[in-house]
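Each remark here refers to the structure printed beneath this line.
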Amino acid sequence: MPSQLRRTLLFVPGIDERRFESALGSGADTLVFDLEDSVAPSRKADARELVAKTLRERHLGTVEGAVRVNPAGSPEFERDVQTVVAAGTRVIVLPKAEDAKLVAHLDGLLRGLEAEGQRVRILPLVEPPRGLLVAADLAAASSRVEALCFGHVDFATAMGLEASPDAGHGVLHHARCQLAIAAHAAKVTAIDSACLTLRDEARFCRDAA
């Protein structure tokens, strides 16, 4: 069972400290500091240190502090994991999840990095089509996995589809359902695709519904 209720996850660019304050006051259950897509390659190291500093120095209260690291196999991956675990993150969001071996590799890294009493959870972000086909295996690869997340934009790009803002029809809808089935079978939570229309409250409500 998940260790925390995750009704809402809010992604915030890891390089933009000005947004951290409003994000922390947003009411989201989980705040995901993003080191991946929202950070330019030249700013990766700066973002990593800024997020680590925030995790060390800010009291997050009831907000769960998570970090989306760069993909496994990238030059930044292990440095991201080492830095944010040392800073006290509670959750790693693993992007481009498509192989259970990558989840198991992250599990091994975490076992070697955690302080006494620290246990970091893993949320695989299923974006490649292959990841969807092995979603149940991703969930079973580590006891740290508490949820499977769906990244509809990268999935749509890989499939040659338009990334509909609400992902509510056709292949994207099928993929969302397939992920939910895999998560249920693995007894973990399914976390749906992000809503990207930040200033359209009506669309956000439709997507959540």
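Suppose the filter is open to solvent by 50 Å² or more (accessible area, probe 1.4 Å), at pLDDT 90 or above and under 19 Å from D99 (Cα atoms); does I181 pass it? Write out each step before concluding.
Numbers: open to solvent by 50 Å² or more (accessible area, probe 1.4 Å): yes; at pLDDT 90 or above: yes; under 19 Å from D99 (Cα atoms): yes.
So I181 fits the description; yes.
Any idea which of (1) surrounded by 13 or more Cβ atoms within 10 Å (Cβ to Cβ); (2) assigned to a loop (DSSP other than H, G, I, E, B) is the one L198 doesn't satisfy?
(1)
Give the residue, chosen from T89, T62, that is hydroxyl-bearing (S, T, Y) and in contact with a helix residue (DSSP H, G or I) (Cβ under 7 Å, 6 or more places away or on another chain). Show your work before the answer.
Working: T62 fails: in contact with a helix residue (DSSP H, G or I) (Cβ under 7 Å, 6 or more places away or on another chain).
Step by step, each of T89, T62 is checked, and only T89 is hydroxyl-bearing (S, T, Y) and in contact with a helix residue (DSSP H, G or I) (Cβ under 7 Å, 6 or more places away or on another chain).
Restricting attention to the stretch 62-87, and to residues there that are open to solvent by 40 Å² or more (accessible area, probe 1.4 Å) and assigned to a loop (DSSP other than H, G, I, E, B), which single residue is modelled with the lowest pLDDT?
Looking only at the stretch 62-87, we keep the residues that are open to solvent by 40 Å² or more (accessible area, probe 1.4 Å), and these are 62, 73, 75, 78-79, 82, 86.
Those still in the list that are assigned to a loop (DSSP other than H, G, I, E, B) too: 62, 73, 75.
On the way: T62: 84, G73: 92, P75: 94.
Among residues in the stretch 62-87 that are open to solvent by 40 Å² or more (accessible area, probe 1.4 Å) and assigned to a loop (DSSP other than H, G, I, E, B), the one modelled with the lowest pLDDT is T62.
Starting from the stretch 3-29, keep only residues that are in contact (Cβ under 8 Å) with a residue 24 or more places away in the chain, then list their pairs with residues that are in a loop (DSSP other than H, G, I, E, B) and surrounded by fewer than 13 Cβ atoms within 10 Å (Cβ to Cβ) whose Cβ atoms are within a distance under 7 Å, requiring at least 6 positions of separation or different chains.
Close Cβ pairs satisfying both conditions: D29/L5; D29/R7.
Do you know which residues across the stretch 99-157 are of a type in the set (D, E, K, R) and out of contact with any Ser or Thr (no Cβ under 7 Å at 6 or more places or on another chain)?
Here is the first cut: in the stretch 99-157, the ones of a type in the set (D, E, K, R) are 99, 101, 107, 111, 114, 116, 119, 121, 127, 130, 137, 144, 146, 154.
Correct list: D99, K101, R111, E114, E116, R119, E127, R130, D137, R144, D154.
The values are calculated or read from the model by the stated rules, or taken from the named source; none is laboratory data. Keep in mind that this is a model prediction, so the values were computed, not measured. Glycine gets a Cβ as well: all are built from the backbone with ideal geometry, and neighbour counts include every protein chain shown. Quick note on the areas: whole protein, heavy atoms, side chains included, nothing else; ligands and nucleic acids left out. Shrake-Rupley method; radii C 1.70, N 1.55, O 1.52, S 1.80 Å.
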